1. How would segment 100-147 be classified by its alpha-carbon gyration tensor: rounded, prolate or oblate, with rounded meaning a/c under 1.5 and the a/b versus b/c comparison settling the rest?
2. So for each of 140-152, 156-168, 101-113 I average, over its residues, the number of other beta carbons within 10 Å; can you give me the resulting order with the highest mean first?
3. Rounded to the nearest 500 deg cm²/dmol, what is the calculated helix-only ellipticity per residue at 222 nm for the chain, with -39500 (n - 2.57) per DSSP H run of length n ≥ 4?
4. Which far-off residues, 5 or more places away or on another chain, put their amide H under 5 Å from the one on Arg172, with H placed in the peptide plane?
5. How would you classify segment 3-233 from its alpha-carbon gyration tensor, with a ≥ b ≥ c the square roots of the eigenvalues: rounded for a/c under 1.5, else prolate if a/b is greater than b/c, otherwise oblate?
6. Please list, in chain and number order, the residues 5+ apart from Leu196 or on another chain whose amide H is under 5 Å from its amide H, with Hs placed from the backbone.
7. Under a cut-off of 20 Å between alpha-carbon atoms, report the lysines in cross-link reach of Lys11, not counting same-chain residues fewer than 8 places apart.
8. Kindly write out, for segment 106-119 in residue order, the coupling ³J(HN,Hα) from the Karplus curve 6.51 cos²θ - 1.76 cosθ + 1.60 (θ = phi - 60°), rounded to whole Hz, with x marking Gly and Pro.
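The values are calculated or read from the model by the stated rules, or taken from the named source; none is laboratory data. Everything numeric in this text was worked out from a predicted model, so none of it was measured. Glycine also receives a Cβ, built like all others from the backbone with ideal geometry; neighbour counts cover every protein chain displayed. These accessible areas exclude ligands, DNA and RNA; they are computed on the full protein's heavy atoms, side chains included. Shrake-Rupley method; radii C 1.70, N 1.55, O 1.52, S 1.80 Å.
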Amino acid sequence: MGEIFAILSGKGGTGKTSVCAGIATALAEQGLRILCVDCDVGLRNLDISLGFSDSSALSFLDVCEGDYRLEDAPRHPAYPNLFFLTAPMNRATESIDLPSFSSMLRRAKGMFDFIFLDAPAGVDAGFRLAATPGERFLLVTGAGPAAIRDAARVADLLELMGKQDVRLIVNRVRKDMLKTVRLTIDDVMDTAGLPLTGIVPEDPQVTLSASFGRPLLQYAQSSPAAKSFRRIANRVQGFHEPIIFR
Ligand SMILES: Nc1ncnc2c1ncn2[C@@H]1O[C@H](COP(=O)(O)OP(=O)(O)OP(=O)(O)O)[C@@H](O)[C@H]1O
Ligand SMILES: [Mg+2]
């Protein structure tokens, strides 16, 4: 049975979409069957980070409402095990039927090894869309103490929802920040009980690859962020992979 990961953050622009695409492509590279679902209704952009062309778009609503089947989800042009459902553009998130969405994802668990839900920023309807069916959670945060504490607040919300297996990814870390970041992370791990699952370096290739509509792991396969996503993909599968920062 596959597992459903929700990629969340309270704050906007922390790198959820980039991290989601990076981990999903790293797992697909290893031959695992992956479904990515963009939950950012009205503001979708996971297609760009994954390197899917707009013409191949099928929205999760098309499947939830029964117009298409999960088997119709477009396949990635370079990763034959990676499939994608985009977010609808012309609907309000509040109007999406959460039970139908959850039931579609339950079916997907029988077809894929991992399902990734890329959530929008904030803690309202879009957050609930991804958090409710989610089984494992990656909170993507920036390196500053305020951003990390914001993620800890999201972890509190998840705890109220009865969710477990919540982990932190600190994104866009620069080498010169590392000492401070380590202290802050230690603090958060102690106070919020939020384990760290990866540190992703600041890497211009992340933005460059997206602007060329290519997945980072293909466009700059040995770049620092690409290497970090591969290590996180190993940890996600339970393999021992020490947290290092180069
Ligand atoms: N590790 C990184 N190094 C450099 N740039 C990055 C990194 N991660 C993300 N970015 C850049 O930061 C910007 C925001 O990233 P992204 O869209 O992934 O964030 P998001 O959390 O999904 O945003 P939103 O909350 O709007 O959905 C993008 O321009 C992206 O290219
Ligand atoms: Mg995003």
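1. On the way: a/c = 3.82, a/b = 1.87, b/c = 2.04.
Oblate, since a/c reaches 1.5 and b/c is not below a/b.
2. Values: 140-152: 19.9, 156-168: 14.8, 101-113: 17.2.
Highest mean packing first, the order is 140-152, 101-113, 156-168.
3. Numbers: 10 runs with 99 residues, N = 246.
Here the helix-only value at 222 nm equals -12000 deg cm²/dmol.
4. Val200, Glu202
5. oblate
6. Under 5 Å from the amide H of Leu196 lie the amide H atoms of Leu168, each far enough along the sequence or on another chain.
7. Of all the lysines, those that pass the test against Lys11 - Cα under 20 Å, at least 8 places apart if same chain - are Lys163.
8. 5, 5, 4, 4, x, 10, 10, 7, 9, 10, 10, 10, 8, 7
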